[in-house]
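So the structure is just underneath, and the comments pick up after that.
The values are calculated or read from the model by the stated rules, or taken from the named source; none is laboratory data. Every value quoted in this text rests on a predicted model; they were computed, and no experiment measured them. In this analysis, Cβ positions are derived from the backbone assuming ideal geometry, glycine residues included, and neighbour counts consider all displayed protein chains. Accessible surface is based on the protein model in full, side chains and every heavy atom, while ligands, DNA and RNA are left aside. Shrake-Rupley method; radii C 1.70, N 1.55, O 1.52, S 1.80 Å.
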Amino acid sequence: MPKQGHIIIRGIVQGVGFRPFVYARAVAHGICGSVCNTGSEVQVYAWGDNFEDFLRDLRAGPPLSVIDSVEVYTLQGDPPDSFTILKSHDGTRTGLIPPDIATCKDCVRDIFTRGGRYESYFATSCVNCGPRYSIIRSLPYDRERTTMDMFPPCPGCFEEYSDPSSRRHHAQTIACHECGPELILYSGAGEATEGTSPVKKTAELLDKGKIVAIRGIGGFHIACTGEIATVLKKRLNRTEQPLAIMAKKEWILDNTSISPEEEKILQSDISPIVILDKREPEAFDHISNLHTIGCMVPYTGLHHLLFSHLSAPFLIMTSANAPGYPMITTYPEAVSRLSGVADYYLTHTRDIINRCDDSVIRKGAIIRLSRGYAPKRTRISLGDLSILGTGPELNSTVTLYAKGFCITSPHVGNVRNPGTFEYLKETTECLLNLMQADISIIAHDLHPQFLSTRYAKELGEKTGASLVPVQHHEAHIAATFQEECIGIAIDGVGYGSDGTIWGGEIFEGAAPDYSRVGHLMPVLMPGGDLAATWPERMLYGILPDEVTRGILLSRGWAEQDVSIIEKQVMRRFNTSVSSSTGRVLDAAAALLGICRKKTYDGEPAMKLESLAHGTKPESWDIPLTRTGQAEVLDTPALLKKARDLCMKHPDDLRVIRKTAASFQYNLARGIAMIASNAAASSGLQTIALSGGVAYNEMIRETIQKTVQSNGFKLHINHDMPFGDGCISFGQCVFAGKKELL
């Protein structure tokens with residue numbers, strides 16, 4: 001048995017306490033030698049009789065690490081007298097630092113230990129928790145390359161940092177009252193409050209009904225008590241959009257129908273926002289007028305301290321940035337953007353280098369890939385060349401492929417906004433810096449006018465990288481399943497290869513070679529993008545007849561406006577053609593009178609799902625036709641069926657609810673039937689599902705049951721968002737597979 005070896009450990013080994021972990025195991029096993037960080041590797045030189053036991057422990061790694069490989073080489077020479085931690089130096093970059101992690105239970109206990117060094121200190125952390133990605137400037141991960149470099153540790157912190165028995169041994173974020181970042185509470189007029197704890201004063205203000213902007217790990221939130229939710233919505237001009245809340249676990253258990261799996265996610269070291277079914281669907285409707293509510297538990301030392309002083313049972317805790325825009329990270333920016341919204345500002349003195357929003361999860365599916373989950377590292381073989389995926393236009397991320405791994409950024413937002421476009425560039429530069437990659441291929445959306453496409457072309461000219469355009473929905477499938485399959489991509493909008501708007505697509509094949517074998521019937525969008533904002537336009541575009549005309553007039557449409565939309569449809573003037581599933585759901589919501597104007601992304605479809613919640617649907621005949629080689633679902637026929645039912649019982653809420661449930665159910669059945677028919681024809685056994693519409697629980701479960709009842713397997717990638725947050729990853733997969741041909 002060997003008694004010495006040169007051990008190289010690769011993976012996510014930065015920022016996880018790997019060196020102190022190795023040191024502790026070495027001391028425990030009587031090992032002499034050294035350990036050093038070198039980029040994405042930890043190198044260990046070890047001598048000792050218990051070498052094999054030591055090596056076994058190293059293969060397990062500390063809690064936050066992800067180990068890709070452990071290699072052992074012969075070691076020559078005489079052993080040193082002890083085991084030491086050497087200074088880091090740069091090296092290969094195949095791993096990455098972990099995302100920001102919620103404050104661990106041990107640190108929370110330290111915060112509330114009377115007389116302890118960390119009593120009531122908001123930025124308490126250790127090797128197992130705290131900020132990582134949000135504070136890193138470059139690798140290797142050491143304090144001098146983070147925003148903690150401006151806070152030299154005091155003697156007490158340095159003693160723990162140097163103590164092998166401490167869980168803060170080599171913790172780069174170690175800090176306390178004496179040496180670390182400080183909290184400052186400002187009034188709306190910019191005056192710093194004095195004479196009391198900023199956290200305690202903030203809790204008092206919140207309990208008195210004030211709205212406070214609070215700077216966290218990755219940016220600012222806006223907080224208030226539940227009673228002030230309506231006031232906050234008016235100030236934000238988001239009167240319909242649901243707000244997330246932060247509460248202790250006990251309150252969430254009492255007020256939601258949370259499953260054991262959801263509870264586990266809620267309390268994990270990621271602590272995302274979890275979209276939960278309310279115990280009473282109509283409860284807290286001033287916060288969320290859906291049957292669901294987004295909940296998270298306190299996940300930083302600041303949050304835990306705040307709740308220890310708070311009388312209110314929960315807080316509204318929503319991102320301070322406007323939807324689709326990047327997180328607000330600095331106090332001056334917060335004052336500029338939140339004037340008239342926030343009454344006070346609670347900030348801290350640690351800089352945020354990489355902004356990061358809260359992740360959002362529903363029924364185990366990632367809606368927003370961000371804090372705790374991203375940067376997300378995916379092992380995949382796409383060749384030797386580095387690839388950048390610049391993402392779509394809405395709900396974007398960026399993905400970089402290098403050296404056998406894809407690194408997907410946290411949520412960027414809606415790139416059509418100038419501020420978010422700059423954030424896209426900022427995020428790309430961050431990934432390139434951390435991975436030290438030279439781009440050879442840039443994959444981008446097929447749409448020529450997207451800012452992300454324009455950015456790809458600019459980078460291509462700058463770097464000499466070749467460009468690979470990727471159709472939006474093909475990227476969805478490539479992100480979901482990398483082998484040959486039948487792929488279902490259902491969402492709101494994506495530029496189709498025929499120049500029309502797609503969003504209800506069934507493909508056959510594998511990246512980069514897909515065939516469109518099915519889709520929803522193309523329908524008209526009178527006014528183009530206006531139809532996405534005003535769902536009743538979609539209703540008329542799908543059912544342009546006298547009955548729909550009468551519905552619009554009965555709802556207050558002026559005769560002149562109805563005549564204009566009639567002429568738009570008749571002459572195909574300023575009218576787009578779309579096979580979008582999202583737009584069909586919008587039309588159904590308009591038909592049922594539950595959403596006449598979309599004020600936030602996905603609102604009509606979400607309200608339709610909530611209206612149908614708990615109602616058993618009935619089966620309708622599924623109208624399928626063929627256009628060339630593609631099977632087509634006749635969505636106008638489904639919508640007409642729904643309209644006929646509503647016209648017979650216009651005031652019966654039970655009929656309205658059943659119609660809402662049945663429309664979604666049969667739409668999903670039709671999509672699944674086309675996919676199953678394509679699978680049977682091709683001999684393929686796997687059907688992949690992606691797209692934002694798949695977050696709809698009834699639609700997703702109906703597709704799954706229908707596919708499985710037909711003898712096929714449904715594949716969903718739970719490691720990526722169903723929505724457009726997966727597109728940049730799919731673009732990299734598509735481009736890489738194309739390069740390998």
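Rank by packing, highest mean first: peptides 429-442, 54-67, with packing defined as the count of other Cβ atoms within 10 Å averaged across residues.
Working: 429-442: 19.2, 54-67: 17.4.
The peptides rank, most packed first, as 429-442, 54-67.
So, with a 1.4 angstrom probe, what is the percent of accessible area on segment 616-741 that is carbon and sulfur? Mind showing how you got there, number by number?
Values: 2560 of 5270 Å².
The value for segment 616-741 is 49 percent carbon and sulfur by accessible area.
Taking the Cα centre as origin and putting +1 on Lys and Arg beta-carbons and -1 on Asp and Glu beta-carbons, what dipole magnitude results for the chain, to the nearest 20 debye?
Numbers: 75 positive and 83 negative charges, 207 e Å.
Once rounded to the nearest 20, the dipole reads 1000 debye.
Which whole-number percent is the relative contact order of segment 189-253 (Cα, under 8 Å, 6+ apart)?
On the way: 34 pairs, mean separation 11.8, N = 65.
Relative contact order comes out at 18 percent.
If you roll a 1.4 Å probe over segment 1-61 with all protein chains in place, what percent of the accessible area is carbon or sulfur?
Numbers: 980 of 2040 Å².
Carbon plus sulfur share of accessible area: 48 percent.
Could the peptides 615-627, 172-184, 566-578 be put in order, highest first, of the mean number of other beta-carbon atoms found within 10 Å of their residues? Please list the in-between numbers first.
Values: 615-627: 13.6, 172-184: 19.6, 566-578: 16.3.
Going from most to least packed, we get 172-184, 566-578, 615-627.
If you take the alpha carbon radius of gyration of segment 661-736 and divide it by 2.2 N^0.38 Å, what ratio comes out, to two decimals? Working shown, then result.
Numbers: Rg = 13.1 Å, N = 76, 2.2 N^0.38 = 11.4 Å.
After normalising by residue count via 2.2 N^0.38 Å, the value is 1.15.
Size of the dipole of segment 1-137 about the Cα centre, Lys and Arg at +1 and Asp and Glu at -1 on the beta carbon, nothing else charged, in debye to 20? Don't skip to the answer; put the middle values down first.
On the way: 14 positive and 14 negative charges, 92 e Å.
Taking the Cα centre of segment 1-137 as origin, the dipole is about 440 debye.
Could you size up the charge dipole of segment 102-201 around its Cα centre, putting +1 on the beta carbon of Lys and Arg and -1 on that of Asp and Glu, and report it in debye to the nearest 20? Show your work: numbers first, answer last.
Values: 12 positive and 13 negative charges, 78 e Å.
So the magnitude is around 380 debye.
If I compute solvent accessible area with a 1.4 Å probe over the protein chains, what percent of it on segment 429-554 is carbon and sulfur?
Carbon-and-sulfur percentage of accessible area, whole number: 49.
Hey, could you get me the Stokes-Einstein D for segment 84-146, Kirkwood radius over alpha-carbon pairs, 25 °C and 0.890 mPa s, rounded to whole µm² s⁻¹? Don't skip to the answer; put the middle values down first.
Values: Rh = 13.5 Å.
The estimated diffusion coefficient comes to 181 µm²/s.
Compare Y325, Y514 by solvent-accessible area with a 1.4 Å probe and give them largest first, with all protein chains kept in place. Don't skip to the answer; put the middle values down first.
On the way: Y325 85, Y514 25 Å².
Per-residue accessible area, sorted high to low, gives Y325, Y514.
Could you state the accessible area per residue of the chain in Å², with a 1.4 Å probe and every protein chain left in place? Could the numbers behind the result be given before it?
Working: 28510 Å² over 741 residues.
Per residue, the chain has an accessible area of 38 Å².
For K425, which lysines qualify as cross-link partners when the Cα separation must be under 26 Å and same-chain residues fewer than eight apart are set aside?
K376, K403, K457, K462, K737, K738
Given the Cα-Cα distance of T230 and E461 and 0.36 nm per residue of separation, how much length would full extension add, in nm? Write down the numbers at each step before the final one.
Working: separation 231, 0.36 × 231 = 83.16 nm, distance 4.92 nm.
Going from the current span to full extension adds 78.2 nm.
Semi-axes of the equivalent ellipsoid for segment 325-368, please: Cα gyration tensor eigenvalues, times 5, square-rooted, ordered largest first, whole Å.
Numbers: eigenvalues 131, 39, 17 Å².
So the equivalent ellipsoid measures 26, 14, 9 Å along its semi-axes.
Quick one: grab the alpha carbon gyration tensor of segment 1-122, order the square roots of its eigenvalues as a ≥ b ≥ c, and give me rounded if a/c is under 1.5, else prolate or oblate depending on whether a/b is larger than b/c.
Working: a/c = 2.40, a/b = 1.65, b/c = 1.46.
It is prolate, given that a/c is not under 1.5 and a/b is the larger ratio.
Please pull out the direction-averaged projected area of segment 145-276, using the convex hull of its alpha-carbon atoms, in nm² to one decimal place.
Numbers: hull surface 47.7 nm².
Averaging across all directions leaves 11.9 nm² for the Cα convex hull.
At 1.306 mPa s and 10 °C, plugging the Kirkwood radius over alpha-carbon pairs of segment 355-454 into Stokes-Einstein gives what diffusion coefficient in µm²/s? Spell out each step's value before the answer.
On the way: Rh = 13.9 Å.
Here the translational diffusion coefficient equals 115 µm²/s.
What does the charge count near H169 come to, summing +1 for each Lys or Arg and -1 for each Asp or Glu among other residues with Cβ under 9 Å from its Cβ? Before the final figure, lay out the partial values.
Working: positive: R19, R167, R168; negative: E160, D163.
That sum, taken over residues with Cβ under 9 Å, equals +1.
Using 0.36 nm per residue of separation minus the Cα-Cα distance, give me the extension gain between T193 and L653 in nm, one decimal. It would help to have the intermediate numbers written out before the result.
Values: separation 460, 0.36 × 460 = 165.60 nm, distance 5.29 nm.
Additional length available on full extension: 160.3 nm.
7 Å from Cα along Cα→Cβ at both C154 and K208: what's the point-to-point distance in nm?
So the label points at C154 and K208 sit 3.0 nm apart.
Run lengths n ≥ 4 of DSSP H only: what is the helix-derived mean residue ellipticity at 222 nm for the chain, with -39500 (n - 2.57) per run over all residues, to the nearest 500?
Values: 23 runs with 250 residues, N = 741.
Taking each H run of at least 4 residues, the total per residue is -10000 deg cm²/dmol.
With θ set to phi - 60° and the Karplus curve 6.51 cos²θ - 1.76 cosθ + 1.60, what are the ³J(HN,Hα) couplings of segment 513-527 in order, to the nearest whole Hz, using x for Gly and Pro?
Result, rounded to whole Hz: 10, 10, 10, 7, 9, x, 5, 6, 4, x, 10, 9, 10, x, x.
Per-residue accessible area for K658 at 1.4 Å probe radius, Å² rounded to 10?
Here the accessible area works out near 70 Å².
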